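The values are calculated or read from the model by the stated rules, or taken from the named source; none is laboratory data. Everything numeric in this text was worked out from a predicted model, so none of it was measured. Cβ placement follows ideal geometry from the backbone for every residue including glycine, while neighbour counts extend to all protein chains displayed.
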Amino acid sequence: MITNNTTPIKINDPMYFNLFSNLQGNILKPHGRTFSNHIFITFKNDKVEEAKAFIASLAENKITYFHKQIEQHEEFNKNNIDKKTFCNIYFTALFYKYLGENMKQHFEASFTNQMKEADLNDSPVDASWNNIHIMILVANADEKIIEEETKVILDTISDLIIKSFVEKGNKLKINREISDKEHFGYKDGISNPIFLDENKRDINYFDDFAPLALALVQDPFVTNPDAYGSYLVFRKLEQNVNLFKKIEDEIEKKFEIDGGALLIGRFENGVPVVLSNDVESNTEMNDFDFTNDITGSKCPMHAHIRVTNPRDDSSKSHRIIRRAIPYGDYIDKPEPKPTKGVGLLFMCFQSSIANQFEFIQKNANSINQFDSIIGQNNSDINTFSFAKIYGDPTSLCNYDIPKLVTFKGGEYFFAPSKPYLNGLKNSLV
Ligand code: HEM
C-alpha cells in the first residue's frame, strides 16, 4: 500500500503525484494562515441536486488540494505576500446519507455514529451543533478577505440551506505580534507527526516520522486507487484563562515551581519540562521521551503533552495530526483575564477516530491519568500529582485542579478527495 511508507516522502516524488493532486490540503502540512472561518451548513431536504452542484463548483474553483497548497507556499516563500485564500470542505456522516451514499459499509463506526454518540463525557451543547451537513474552511492572512469569501458562499446558497453558522479562528496577537501561542500563553503546534522529507530532523530519542496511513484512508466511494481522504475531528473548547493563571500562581507561590509548565508539560516558550526546569535553557524541543522520568517527578504523569502523547512504542499508532487555531482576542493586560468567550477551535486529522482522537480523549478523561487541559470528568475538581522538588520522586504531592476547559460543541467530518468531489457534478440528475 502506497500509504505504508517507511520514510518521509519528498513532495515531488512521482509515485505520490496523483495522491497529492487528489488530496485536500492542510492534512499533511498546516495551511498556516492567520485567520480562518469555519462555516457549518445544513441543507434543506429537497435541495440535494442543488447542494451537489454548489459543492462541485466549489471543488472546481476554490478547494486547495495539497499540490496547490505547496505551490502557494513556495510563492509565499519567494514574495512573502500571502493573500491567497486557502479553502477546504468536509462532510459529516449525515451529509453522505443525504447524498444517498451507503456509508455504514464504508466508514468506521465512530464516524457514522457521530460525535454525540461517542462516550466522551461531553456536556450538552447548543442545538446549533445538531444535524450539520458540511463544514467549509476558508483561511487567509487578511481577515477582510475571508469575511468577503464567507459572505459570497453564504449568499450563493441562501435558498438551499436550513441553517448555517460561522466559527471564527485567529492566531493570537500578543504584544502586537502574531503568535503561535494559545490563550493560556503556551506555544502550540510544536509536536506533530512528520510525513514529509522537508520536515525531517535529527533524531536521538523520539522519532516523529509517521507513514501516510496514520492520516489517510482511501476515499470509499471512488475507484481511483490514488484518491485518499482523512477523518477530521472539530471541537470548540472554551478556556478559563483567569482560573488557569490563578492555579499557576498558587502553585508557584506555594512550591516555587512553574505551575502552568507542569500542567502542560512545556514552559510557555515550548521548553519541555522533562528536559529542564529552567525556562531559559536551550534544550531540544521535540527530541525527547519520558523513559528517564518514569515516576513523573520532572514532567507530571498528568501533564497535557504526556497524557496525549506518552512517546512510547504503544502510543505511536494513536497519534493525531493537530490543526487547531484559537478563537477570541488575547487579553494582553495581566488582569482580569477572561473566564469565558475565548478558547481553541481544536481540529485533528487521523485515519481512525476511534483509535486516535477518541483513544487520546478517553485517556485524558480517566481518573488515573486525568489531563486538566482537555479532560472531562464528572467531578469539577481533579487530583493532580507533581514533585515539589524537580526530579525528586520522594517530593511528589497531590494538588486539586478545577476544570479549566469546557467543551462547547463539535462534530466528526471526512475530507473527501478531488475525484469524489468532481464526481458530484457527473452524478447530478
Ligand atoms: C483548549 C484545549 C487545548 C489546549 C490549550 C492545548 C494546548 C496544547 C499545548 C500548549 C501543547 C504543547 C505544544 C506542542 O507540543 O505542540 C499541546 C500539545 C498537544 N496537544 Fe493539546 N491543547 C488542547 C486540546 C487538545 C486536545 C482536545 C487534544 C486531543 C484530544 C490535544 C492533544 C495534544 C497533543 C497530541 C499534543 C502533542 C503532544 C506531543 O506530541 O508531545 N490537545 N496542546
From the list Lys84, Lys29, exactly one residue is within 19 Å of Asp197 (Cα to Cα) and not in a helix (DSSP H, G or I). Which is it? Lys29
Give the residue, chosen from Gly265, Gly270, that is in contact (Cβ under 8 Å) with a residue 60 or more places away in the chain and near the ligand (Cβ under 10 Å from one of its atoms). Gly270
Restricting to segment 384-406, give me the number of residues that are in a strand (DSSP E or B) and surrounded by 13 or more Cβ atoms within 10 Å (Cβ to Cβ). 10
Evaluate the following for Lys254: is it part of a helix (DSSP H, G or I), in contact with a Lys or Arg (Cβ under 9 Å, 6 or more places away or on another chain) and either surrounded by 14 or more Cβ atoms within 10 Å (Cβ to Cβ) or at pLDDT 95 or above (or both)? no
Given the options Thr406, Thr339, Thr383, name the one that is among the hydroxyl-bearing types (Ser, Thr, Tyr) and within 13 Å of the ligand (Cβ to nearest atom). Thr406
Pull out all pairs, ordered by first then second residue, where Cβ-Cβ is under 9 Å, the residues are six or more apart or on different chains, the first lies in segment 191-210 and is of a type in the set (Asp, Glu), and the second is surrounded by 14 or more Cβ atoms within 10 Å (Cβ to Cβ) and outside any loop (DSSP other than H, G, I, E, B). Asp197/Ile9; Asp207/Ile194; Asp207/Lys316; Asp208/Ile194; Asp208/Asn199
For segment 368-379, check the following and say yes or no: at least one residue is among the aromatic types (Phe, Trp, Tyr), over 30 Å from Glu177 (Cβ atoms) and away from the ligand (no atom under 12 Å from the Cβ). yes
Against the condition polar (S, T, N, Q), closer than 16 Å to Arg33 by Cβ and more than 25 Å from the chain's Cα centre (by Cα), how does Asn88 come out, does it pass? no
Kindly list the number of the only condition in (1) buried (at least 16 other Cβ atoms within 10 Å of the Cβ); (2) within 13 Å of the ligand (Cβ to nearest atom); (3) in contact (Cβ under 8 Å) with a residue 40 or more places away in the chain that fails for Pro310. (3)
Number of the condition not met by Leu214 [criteria: (1) more than 8 Å from the ligand (Cβ to nearest atom); (2) more than 15 Å from the chain's Cα centre (by Cα)]: (2)
Just the residues that are of a type in the set (Asp, Glu) and more than 28 Å from Pro326 (Cα to Cα), please, taken from segment 198-234. Asp202, Asp219, Asp226
Mind listing whichever residues of segment 106-129 are polar (S, T, N, Q) and either part of a loop (DSSP other than H, G, I, E, B) or without any contact (Cβ under 8 Å) to a residue 24 or more places away in the chain (or both)? Thr112, Asn113, Gln114, Asn121, Ser123
Being more than 30 Å from Lys52 (Cα to Cα) and near the ligand (Cβ under 8 Å from one of its atoms), is that true of even one residue in segment 192-208? yes
Has segment 166-180 got at least one residue that is more than 15 Å from the ligand (Cβ to nearest atom), in a loop (DSSP other than H, G, I, E, B), surrounded by 14 or more Cβ atoms within 10 Å (Cβ to Cβ) and modelled with pLDDT of 95 or more? no
Here are some conditions: (1) under 30 Å from Ile132 (Cβ atoms); (2) within 16 Å of the ligand (Cβ to nearest atom). Ile401 meets all but one. Which one does it not meet? (1)
